[in-house]
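Once you've had a glance at the structure underneath, I'll fire off some questions.
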Amino acid sequence: MADTAQYLTLGIDQELFGIDIRNVREILDMRPISKLPHAPNFLLGMIDVRGAGYPIVDLRTKLGLPRAEATDATRIIILDVPVKGRTLGVGFVADRVFEVTGLDDDHTEAAPDVGGRWQSNYIAGIGRKGEAFIVVFDLERLMESDDLPMLAAMAPEQAA
């Protein structure tokens, strides 16, 4: 019998993505974000959540897509992101959040390495739910960048 892992599914543009539910702290409605001077283009700024500041990443920009205006469906997902042996609190802006769903390990495949629209280095796997494919993020690899030291300095660290 296959193991089933739980994922939060979210939409960016026309694509469906999944984040391991163990990394999700909470989901917030879109709210004003305080901009930061000289921040990388994918970093929208900071928000306060119950007295803690969280850097907010625009997933569209991080994935190489153009920015879009927030809608009533836009959400901020507060995550625990593993980064070089530490766990940082980071918010991701998603076009919409759908549900928590289970994906059987037997129905999850490695990302194809054939190029195309999405880079495969931040994909942990591709699952199938009915007729839909769910691209599962590898959060640590997604957040790897030259700007990581700046992000790590702003993000609250989660005790292990």
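Only one of G127, G91 is under 30 Å from D72 (Cα atoms), out of contact with any Gly (no Cβ under 8 Å at 6 or more places or on another chain), assigned to a strand (DSSP E or B) and modelled with pLDDT of 90 or more. Can you tell me which?
Among G127, G91, only G91 is under 30 Å from D72 (Cα atoms), out of contact with any Gly (no Cβ under 8 Å at 6 or more places or on another chain), assigned to a strand (DSSP E or B) and modelled with pLDDT of 90 or more.
For segment 94-112, enumerate the residues that are assigned to a loop (DSSP other than H, G, I, E, B) and touching a helix residue (DSSP H, G or I) at 6+ places or on another chain (Cβ under 8 Å). Can you show your working first?
Keep residues of segment 94-112 that are assigned to a loop (DSSP other than H, G, I, E, B), which gives 95, 110-112.
Scanning segment 94-112 gives a single hit, D95.
May I pose another question? Which condition from (1) modelled with pLDDT under 95; (2) basic (K, R); (3) within 16 Å of G18 (Cα to Cα) is the one that R75 breaks?
It fails just one condition, (1).
Mind counting the residues in segment 1-48 that are of a type in the set (G, A, S), surrounded by fewer than 16 Cβ atoms within 10 Å (Cβ to Cβ) and not in a strand (DSSP E or B)?
The number of residues fulfilling the criteria is 1.
Please tell me if L139 is modelled with pLDDT of 85 or more, crowded, with 17+ Cβ neighbours inside 10 Å and over 17 Å from the mean Cα position of the chain (by Cα). Full working, then the answer.
Working: modelled with pLDDT of 85 or more: yes; crowded, with 17+ Cβ neighbours inside 10 Å: yes; over 17 Å from the mean Cα position of the chain (by Cα): no.
For L139, the condition - modelled with pLDDT of 85 or more, crowded, with 17+ Cβ neighbours inside 10 Å and over 17 Å from the mean Cα position of the chain (by Cα) - is not met.
Quick one: in segment 49-67, of everything that is in contact with a Ser or Thr (Cβ under 9 Å, 6 or more places away or on another chain) and not in a strand (DSSP E or B), which residue is least open to solvent (accessible area, probe 1.4 Å)?
Here the residue is K62.
Does A70 qualify as being surrounded by 15 or more Cβ atoms within 10 Å (Cβ to Cβ), out of contact with any helix residue (DSSP H, G or I) (no Cβ under 9 Å at 6 or more places or on another chain) and of a type in the set (G, A, S)?
Numbers: surrounded by 15 or more Cβ atoms within 10 Å (Cβ to Cβ): yes; out of contact with any helix residue (DSSP H, G or I) (no Cβ under 9 Å at 6 or more places or on another chain): yes; of a type in the set (G, A, S): yes.
Spelling it out, A70 is indeed surrounded by 15 or more Cβ atoms within 10 Å (Cβ to Cβ), out of contact with any helix residue (DSSP H, G or I) (no Cβ under 9 Å at 6 or more places or on another chain) and of a type in the set (G, A, S).
The values are calculated or read from the model by the stated rules, or taken from the named source; none is laboratory data. All values reported here derive from a predicted model rather than from experimental measurement. When we count neighbours, we look across all protein chains shown, and the Cβ atoms used for this are built from the backbone with ideal geometry, even at glycine. Quick note on the areas: whole protein, heavy atoms, side chains included, nothing else; ligands and nucleic acids left out. Shrake-Rupley method; radii C 1.70, N 1.55, O 1.52, S 1.80 Å.
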